[in-house]
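Chemist: Below is a structure I'd like to ask you about.
Here, each number is a calculation from the coordinates, and none is a lab measurement. Computed from a predicted structure; not experimentally measured. Note that each Cβ is placed from the backbone with ideal geometry, even for glycine, and that neighbours are counted across all protein chains shown.
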Amino acid sequence: MADDDWVEVEVVGVRTHLADDELVLLLLDPSTARLVPILIGPAEAGAIAAAQAGAVSPRPMTHDLLRDALRAAGASVRRVEITGLLNGVFHAALVLDNGRRVDSRASDAVATALRFACPVMCAVDVVETAGVEVRTAPGEDDIAEFREFLDHVSAEDFAAEDVSAQDGPVDKSPDEASDEDEPPPGSPSGGD
């Protein structure tokens, strides 16, 4: 695949799908604001959550062991790729720094990527097929900015302005004059 067939995704994290009590790995394509949900098992969910939290177990867990074994062999993971979605199953690969590719489940690939701090790439067609559009709620910054606006706004800020008034006073014909337009008392044409 060419470079433009891939998009780097952010690992949002693991969530529980409340309706089915299933664990879901969420990957976000920031360029399209689409989430790719991947159902995963509890062991992989724990491995991903632990890596994101920076938790270190007293003994190496499976993905830690894989990282340590690759490093001991002089290899590293350059990136992981979510390569396809076949019959409802996500396929992935670890791309090693020597150019070799290792077939992987998507959840294991992501858990490994987090331990190597390497990019997670997803095939564009996978994002298009499996991605769901993110509906964003206003963030705290948006709400704070709106509250600040409300604190300083007044009804006069929304009053219609006479566009010609920007260049100076508007001369009205005698028929348009009203009591409000009378000159102040004591002026040459004032009404004393």
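Chemist: Please give the FRET efficiency for ALA117 paired with ASP20, using the beta carbon to beta carbon distance and R0 = 22 Å, rounded to the nearest 0.05.
Modeler: It comes to 0.10.
Chemist: Between ALA33 and ASN87, what is the FRET efficiency for a Förster distance of 30 Å, r being their Cβ-Cβ separation, to the nearest 0.05?
Modeler: Details: r = 27 Å, r/R0 = 0.91.
The formula returns an efficiency of 0.65 here.
Chemist: For MET1 and ALA144 in one chain, what is 0.36 nm times their gap in residues minus the Cα-Cα distance, to one decimal in nm?
Modeler: Numbers: separation 143, 0.36 × 143 = 51.48 nm, distance 4.44 nm.
Between MET1 and ALA144, full extension yields an extra 47.0 nm.
Chemist: On to the next question. If I model a spin label as a point 7 Å beyond the Cα along the Cα-Cβ vector, how far apart are those points for LEU65 and ALA43 in nm?
Modeler: Distance between the two pseudo-spin positions: 0.9 nm.
Chemist: Let me know the shape class of segment 3-133, please: from the alpha-carbon gyration tensor, a ≥ b ≥ c as square roots of the eigenvalues, rounded when a/c is under 1.5, otherwise prolate if a/b is greater than b/c, or oblate.
Modeler: In terms of gyration-tensor shape, oblate.
Chemist: Only four residue types carry charge here, +1 at the Cβ of Lys and Arg and -1 at the Cβ of Asp and Glu. Report the dipole size of segment 3-133 about the Cα centre in Debye, rounded to the nearest 20. It would help to have the intermediate numbers written out before the result.
Modeler: Numbers: 11 positive and 19 negative charges, 137 e Å.
Once rounded to the nearest 20, the dipole reads 660 debye.
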